[in-house]
1. Which one of Thr358, Thr403 is touching an Asp or Glu at 6+ places or on another chain (Cβ under 7 Å) and at pLDDT below 95?
2. Just name the residue that is least open to solvent (accessible area, probe 1.4 Å) out of those in region 284-303 that are part of a helix (DSSP H, G or I) and without any contact (Cβ under 8 Å) to a residue 40 or more places away in the chain.
3. Counting just the residues of region 3-14 that are out of contact with any strand residue (DSSP E or B) (no Cβ under 6 Å at 6 or more places or on another chain) and not in a loop (DSSP other than H, G, I, E, B), which one comes out modelled with the lowest pLDDT?
4. Check Trp23 against each of (1) open to solvent by less than 30 Å² (accessible area, probe 1.4 Å); (2) in contact with a strand residue (DSSP E or B) (Cβ under 6 Å, 6 or more places away or on another chain) and name the one condition it does not meet.
5. State whether one or more residues within region 324-331 are within 25 Å of Gly178 (Cβ to Cβ) and surrounded by fewer than 20 Cβ atoms within 10 Å (Cβ to Cβ).
6. Return the residues of region 176-196 that are touching a residue at least 24 places away in the same chain (Cβ under 8 Å) and in a loop (DSSP other than H, G, I, E, B); say none if nothing qualifies.
7. Applying the selection to region 96-125, what residues are over 30 Å from Gly361 (Cα atoms), open to solvent by 40 Å² or more (accessible area, probe 1.4 Å) and part of a strand (DSSP E or B)?
8. How many of the residues making up region 249-283 are crowded, with 16+ Cβ neighbours inside 10 Å, in contact with a Pro (Cβ under 9 Å, 6 or more places away or on another chain) and not in a helix (DSSP H, G or I)?
Amino acid sequence: MLTQSNYFAVDNFSEFRLKMLNWSNRFSIFCMLDNQQYSFNTPAFECILAAGCKKSISVNAGNAFDTLQQFYNNRSGWLFGHLGYDLKNETESLVSDNPDGIGFTDMFFFEPELVVKLCRKGVEITGTAHPEAVFEEIIQESLQQVTAKGSSIKLSSRFTKDGYIESVKKIQQHIARGDCYVLNFCQEFFAEDTVLNPVDVYKKLITISPNPFSALYRVNEHWCICASPERYLKKEGSCILSQPIKGTAGRHLLDEMKDEASRLYLQESEKEKSENVMVVDLVRNDLSKICRDGSVKAEDLFGIYSFPQVHQMISTVTGELKADVDFAAIIKATFPMGSMTGAPKKRVLELVEQYERTKRGLFSGSIGYINPAGDFDFNVVIRSMLYNHSNHYLSIQTGSAITFYSDAEKEYEECMLKAKAMMQVLED
């Protein structure tokens, strides 16, 4: 049923979303962002698909932010894309020597050929002279899944458990010396010679672990299969908002009392609160560079949010942007995000390079959009699988915040907890 030229009624939201996913796979570049119907006070980005590429930029750290601003200034509509973690090499004049099996560029943005926005009541299709034809193509798309893989995928790790614990203890020595206060330390699980269907793997992942900043993102042979619960940065008018996560506790869905005890532990834990407030202070400091004096504040400190796999401690930090700040300056002042680095940021970034054994690449970077009005919303790329279809390399990275009081074995267990849903998808 057509109510206006580019808006169509949808009878079955869930079915249409799956058909959108299948239909998107005909494009070599696309980005589907999906809030999985979460309805928090500050909802995540819509269920939205950007498909095809009219023009793009693909650059590594060096002059990436200047290139981004020029591309932003010359845009004619929506922009979608990613910010890779190694943009830090430009913001803080660092280098990265660790191996990278995936190969995303540090920054990629594209202006899509068309945008499909799905809500409960219908779908809006823009960017094409024939939206009804696109709608019919999606409607006719099969719901049948292709087999995601032939057999269970076995992952290897860059660290043994003992090696990880030893590195945590060395990081704690840096903390004891005053080099830093908190450091997000990550490890990679990987598989080589792996063939999978990213679209079907994504469907399985969001069935097991639906999260409000989920994304399926493809740039030619490079894929990100993302079930993130975390927002990096949102702009609406002159308001800027960040929602760092720091603090994790496992769910016990078959035992209500045990699950509630886990949630209360997180809510009352002084250790988790201290980690969270250190990151909040870092975010406040970052936002203060681009916001009006006195406007930056923590609106929701130590909020507890429950997701299918974990309870999370999330704080909300807001500010009012200065009148003359441009888009690239906003990103440069706040990236990489505090929840995935630590404090003080520059020293932490140096130590991450020293102790981690893999380039993070797109992991702990961000995927999102900029709308025609200049407002934007970006996630944090965590709880994600990165896949290079050309060399058949699969990467999963997880991390945890290391402080002086951290128990190294428990931090290792937290990494495994965060990887649980993704490993379950690969073992099915």
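The values are calculated or read from the model by the stated rules, or taken from the named source; none is laboratory data. From a predicted model like this one, the values you see are computed outputs, not experimental measurements. Using ideal geometry, Cβ is built from the backbone for each residue, glycine included, and neighbour counts are taken over all protein chains shown. All accessible areas refer to the heavy atoms of the entire protein, side chains included, with ligands and DNA or RNA removed. Shrake-Rupley method; radii C 1.70, N 1.55, O 1.52, S 1.80 Å.
1. On the way: Thr358 fails: at pLDDT below 95.
Selected residue: Thr403, the only one of Thr358, Thr403 that is touching an Asp or Glu at 6+ places or on another chain (Cβ under 7 Å) and at pLDDT below 95.
2. Looking only at region 284-303, we keep the residues that are part of a helix (DSSP H, G or I), and these are 284-288.
Now narrow it down to the ones that are without any contact (Cβ under 8 Å) to a residue 40 or more places away in the chain: 284-285, 288.
Numbers: Arg284: 97, Asn285: 89, Ser288: 61 Å².
Ranking the candidates gives Ser288 first.
3. Keep residues of region 3-14 that are out of contact with any strand residue (DSSP E or B) (no Cβ under 6 Å at 6 or more places or on another chain), which gives 3-5, 11-14.
Retained after the next criterion (residues that are not in a loop (DSSP other than H, G, I, E, B)): 3-4, 13-14.
Values: Thr3: 44, Gln4: 56, Phe13: 89, Ser14: 89.
Once the filter is applied, the top-ranked residue is Thr3.
4. Trp23 satisfies every listed condition except (2).
5. Narrowing region 324-331 to residues within 25 Å of Gly178 (Cβ to Cβ): none.
Among the residues of region 324-331, not one is within 25 Å of Gly178 (Cβ to Cβ) and surrounded by fewer than 20 Cβ atoms within 10 Å (Cβ to Cβ), which makes the answer no.
6. Of all residues in region 176-196, those touching a residue at least 24 places away in the same chain (Cβ under 8 Å) come to 176, 179-196.
If the condition is that a residue be touching a residue at least 24 places away in the same chain (Cβ under 8 Å) and in a loop (DSSP other than H, G, I, E, B), then Asp179, Cys180, Tyr181, Glu192, Asp193, Thr194, Val195, Leu196 are the ones that fit.
7. The answer is Glu124, and nothing else.
8. Looking only at that region, the number is 1.
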